1. Contact list please: Cβ distance under 6 Å, first residue in region 197-215 and under 14 Å from Gln264 (Cα atoms), second residue surrounded by 14 or more Cβ atoms within 10 Å (Cβ to Cβ) and at pLDDT below 95, pairs at least six apart or on different chains.
2. What tally of residues in region 141-155 results from selecting those that are out of contact with any Phe, Trp or Tyr (no Cβ under 8 Å at 6 or more places or on another chain) and either small (Gly, Ala, Ser) or outside any helix (DSSP H, G or I) (or both)?
3. Hey, can you tell me all the residues within region 55-75 that are open to solvent by less than 40 Å² (accessible area, probe 1.4 Å), under 15 Å from Met19 (Cα atoms) and part of a helix (DSSP H, G or I)?
4. When only residues in region 137-149 that are without any contact (Cβ under 8 Å) to a residue 12 or more places away in the chain and of a type outside the set (Lys, Arg) count, which is least open to solvent (accessible area, probe 1.4 Å)?
5. Give the residues of region 110-120 that are part of a helix (DSSP H, G or I) and over 18 Å from the mean Cα position of the chain (by Cα), sorted by residue number.
6. Please determine whether any residue of region 187-208 is of a type in the set (Val, Ile, Thr) and buried (at least 24 other Cβ atoms within 10 Å of the Cβ).
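The values are calculated or read from the model by the stated rules, or taken from the named source; none is laboratory data. Bear in mind that the values here come from a model prediction, so they are computed numbers and not experimental data. All Cβ positions, glycine included, derive from the backbone under ideal geometry; neighbour counts span all protein chains shown. Accessible surface areas use protein heavy atoms only, side chains included; no ligands, DNA or RNA. Shrake-Rupley method; radii C 1.70, N 1.55, O 1.52, S 1.80 Å.
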Amino acid sequence: MIKILSLDGGGIRGIIPAMVLNEIEKRTGKPVSRLFDLVAGTSTGGLLALGLTKPDAEGKPEYSAHDMVKLYEEHGKEIFSRSCWYRITSLGFLADYKYPPDGMKKVYARYFGAARLREALCNVLITAYEIEIRSPFFFRSTRARELASYDYTMQDVAFAATAAPTYFSPYKLTIEDGEYYALIDGGVYANNPGICAYIEASITWPEEDILLLSLGTGEQKTPLPYDEAERWGLAGWARPLLNIVFDGVSYTVDYQLRLLLPPQKPGGPRYYRLQPEMKQECQLDDASPENIRKLKMRARMLIEAHSDSLDLLCHQLLR
């Protein structure tokens, strides 16, 4: 059975799947890169996928899921940071992107160094979107191992994967002969990359059955009242529309995977989806200590509510 991990986008809310994975690592005694054959990620999920499969000097995982939780706790505010001068010159980000890339660059350089995509300890699939040719773009470790020209640094992949529209500018990924790709966050078409991962695994291992764990970053339940929305113009719709696109894609993929991977008897579930419900709006860039505390609490509640399912999943992963 081929084991797949799919990680949704969601900015700072990525701390939720990081905590679930920390629990799985504790229960199995093994790192994520040894439990799964393929790890797929969008946006913050791509950041997690890269961090959990980056090797150290001895070829072992450099970061545990617990380390990735710390990344959000200790460096979230550094990634989502802007100076007073930037606030003024961007007119409160109406005339520019909400955040400059400086903080992100420092954090990614610190975590990924010179590591390259081909070095990932298991297969990874990271989504992005190319805005000049208007096409989905996939970073695949399998292809990076075959083609040197496709073997980007993990820093480059992380930049491209997390360039969320309106929050950060597109990432210009330079390739040979002065050409480049202009890339943004793949959440615009695959905020839940589960179906992309399913197809990738079906092509790579066509004769094998599939076990897929999909981890969300929070189901937004805050309503958008008609009385307010009917008066919104372009500026009013910009941020809510992005969240609607992300959520709508995630729901659709969940529905598709439930049909594609029904439970087997006596083998048990082949598809797990863990997604906490957010009764209050939680912005993907809110890295305040209070919000981090609330997100961690949501993650603990999610783990407790699904403890039996996690036990069964861990048993399947160790088989």
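1. Taking only residues 6 or more apart or on different chains, the pairs are Asp209/Met1; Leu211/Met1.
2. Kept after step one, since they are out of contact with any Phe, Trp or Tyr (no Cβ under 8 Å at 6 or more places or on another chain), are these residues of region 141-155: 141-142, 145-151.
The next check asks that each one be either small (Gly, Ala, Ser) or outside any helix (DSSP H, G or I) (or both); those that pass are 141, 147-149, 151.
Total satisfying the criteria: 5.
3. Across region 55-75, the qualifying residues are Ala65, Met68, Val69, Leu71, Tyr72.
4. Taking region 137-149 first, the residues without any contact (Cβ under 8 Å) to a residue 12 or more places away in the chain are 143, 146-148.
Then keep just the ones that are of a type outside the set (Lys, Arg); that gives 146-148.
Values: Glu146: 144, Leu147: 75, Ala148: 93 Å².
For region 137-149, the residue satisfying everything is Leu147.
5. To start, the set of residues in region 110-120 that are part of a helix (DSSP H, G or I) comprises 110-112, 117-119.
Scanning region 110-120 gives Arg110, Arg118, Glu119.
6. Of region 187-208, the ones of a type in the set (Val, Ile, Thr) are 188, 195, 199, 203-204.
If we keep only those that are buried (at least 24 other Cβ atoms within 10 Å of the Cβ) as well, we get none.
No, region 187-208 contains no residue that is of a type in the set (Val, Ile, Thr) and buried (at least 24 other Cβ atoms within 10 Å of the Cβ).
For (1) β-branched (Val, Ile, Thr); (2) over 16 Å from Gln275 (Cα atoms); (3) in a helix (DSSP H, G or I); (4) at pLDDT below 95, each residue gets a yes or a no:
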site	(1), (2), (3), (4)
Ser6	no, no, no, no
Ile15	yes, no, yes, no
Val20	yes, no, yes, no
Glu23	no, no, yes, no
Lys26	no, yes, yes, no
Lys30	no, yes, no, no
Ser33	no, yes, yes, no
Gly41	no, no, no, no
Leu50	no, yes, yes, no
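For every residue, the table says whether it meets (1) within 17 Å of Lys54 (Cα to Cα); (2) crowded, with 19+ Cβ neighbours inside 10 Å; (3) at pLDDT below 95; (4) within 20 Å of the chain's Cα centre (by Cα).
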{"site": "Phe80", "(1), (2), (3), (4)": "no, yes, yes, yes"}
{"site": "Cys84", "(1), (2), (3), (4)": "no, no, yes, no"}
{"site": "Ala95", "(1), (2), (3), (4)": "no, no, yes, no"}
{"site": "Met104", "(1), (2), (3), (4)": "no, yes, yes, yes"}
{"site": "Cys122", "(1), (2), (3), (4)": "yes, yes, no, yes"}
{"site": "Thr127", "(1), (2), (3), (4)": "no, yes, no, yes"}
{"site": "Ile131", "(1), (2), (3), (4)": "no, no, no, yes"}
{"site": "Ser135", "(1), (2), (3), (4)": "no, no, no, yes"}
